[in-house]
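The values are calculated or read from the model by the stated rules, or taken from the named source; none is laboratory data. The model shown is predicted, which means the values in this text are computed figures rather than measured ones. Cβ sites come from the backbone with ideal geometry, for glycine too, and all protein chains shown count toward neighbours.
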Amino acid sequence: MSQENVEVVEAVIEAWNAGNMDALRELYDPDVIMRTPEGWPESGPFVGREAVMRHWEQQREALDADVMEPISVVNAADRVVLRHAWRGVGHGPEVNFEVTNVFTVRKSRISYQEFFWDHTEALETLGLEE
């Protein structure tokens, strides 16, 4: 099951980079919860697929071009830790940072997503070390 979870996260990257918001929407559970870190442009949490997608669509509207570049993926049973760079340009400030996401995947859909600025902190929440 855990490799399937990695494939779900890889599909997130693929859908985002292709601009396929419909495919991205299908990867989220209807009852998903997404938590963003302190200092994120829009404070969360975002509860429910529609709230999460509204957040992502607002991000997309502010950018003319962007890309999510995976740095590392850690398979941790029902969770997947994705460290990635996000780079983009648009109508506001340039997007250029690294962030770590911890995805909880159940039944091939993301049920919980939490962002961390600090990769080590993300790993520690799962009892993992870098």
Inset, instruction - Starting from residues that are closer than 9 Å to ILE110 by Cα and either in contact with a Pro (Cβ under 9 Å, 6 or more places away or on another chain) or of a type outside the set (Ser, Thr, Tyr) (or both), keep the ones in the range 11-29 and report whichever is surrounded by the fewest Cβ atoms within 10 Å (Cβ to Cβ). - result: ASP29
Legend entry - Verdict on VAL74 being surrounded by 13 or more Cβ atoms within 10 Å (Cβ to Cβ), modelled with pLDDT of 95 or more and of a type in the set (A, V, I, L, M): no
Inset, instruction - Any residue in the range 56-76 that's under 18 Å from LEU27 (Cα atoms): show its pairings with residues that are in a strand (DSSP E or B) at Cβ separation under 6 Å, as long as the two are six or more apart or on different chains. - result: MET68/HIS84; MET68/TRP86; PRO70/HIS84; VAL73/LEU82
Inset, instruction - For the range 7-30, indicate whether the set of residues that are basic (Lys, Arg) and touching a residue at least 40 places away in the same chain (Cβ under 8 Å) is non-empty. - result: no
Legend entry - helices (runs of 4 or more DSSP H) wholly inside the range 1-62 that include at least 2 residues being at pLDDT 95 or above, out of contact with any helix residue (DSSP H, G or I) (no Cβ under 8 Å at 6 or more places or on another chain) and of a type in the set (A, V, I, L, M): 2-18, 49-62
Legend entry - Meets criteria (in contact with a His (Cβ under 9 Å, 6 or more places away or on another chain) and under 21 Å from THR120 (Cβ atoms)) for GLU61: no
Inset, instruction - Determine whether ARG87 is assigned to a strand (DSSP E or B), within 22 Å of ALA23 (Cα to Cα) and of a type in the set (Lys, Arg). - result: yes
Legend entry - Enumeration of residues in the range 93-115 that are under 20 Å from ALA62 (Cβ atoms) and surrounded by fewer than 19 Cβ atoms within 10 Å (Cβ to Cβ): PRO93, GLU94, VAL95, ASN96, PHE97, GLU98, PHE115
Inset, instruction - Report, by residue number, each residue of the range 63-81 that is assigned to a strand (DSSP E or B) and touching a Ser or Thr at 6+ places or on another chain (Cβ under 7 Å). - result: ASN75, ARG79, VAL81
Legend entry - Options LEU82, LEU126; residue that is of a type outside the set (Val, Ile, Thr), exposed (fewer than 14 other Cβ atoms within 10 Å of the Cβ), touching a strand residue (DSSP E or B) at 6+ places or on another chain (Cβ under 7 Å) and touching a residue at least 40 places away in the same chain (Cβ under 8 Å): LEU126
Inset, instruction - For the range 109-121, state whether one or more residues are of a type outside the set (Phe, Trp, Tyr), part of a loop (DSSP other than H, G, I, E, B) and in contact (Cβ under 8 Å) with a residue 24 or more places away in the chain. - result: no
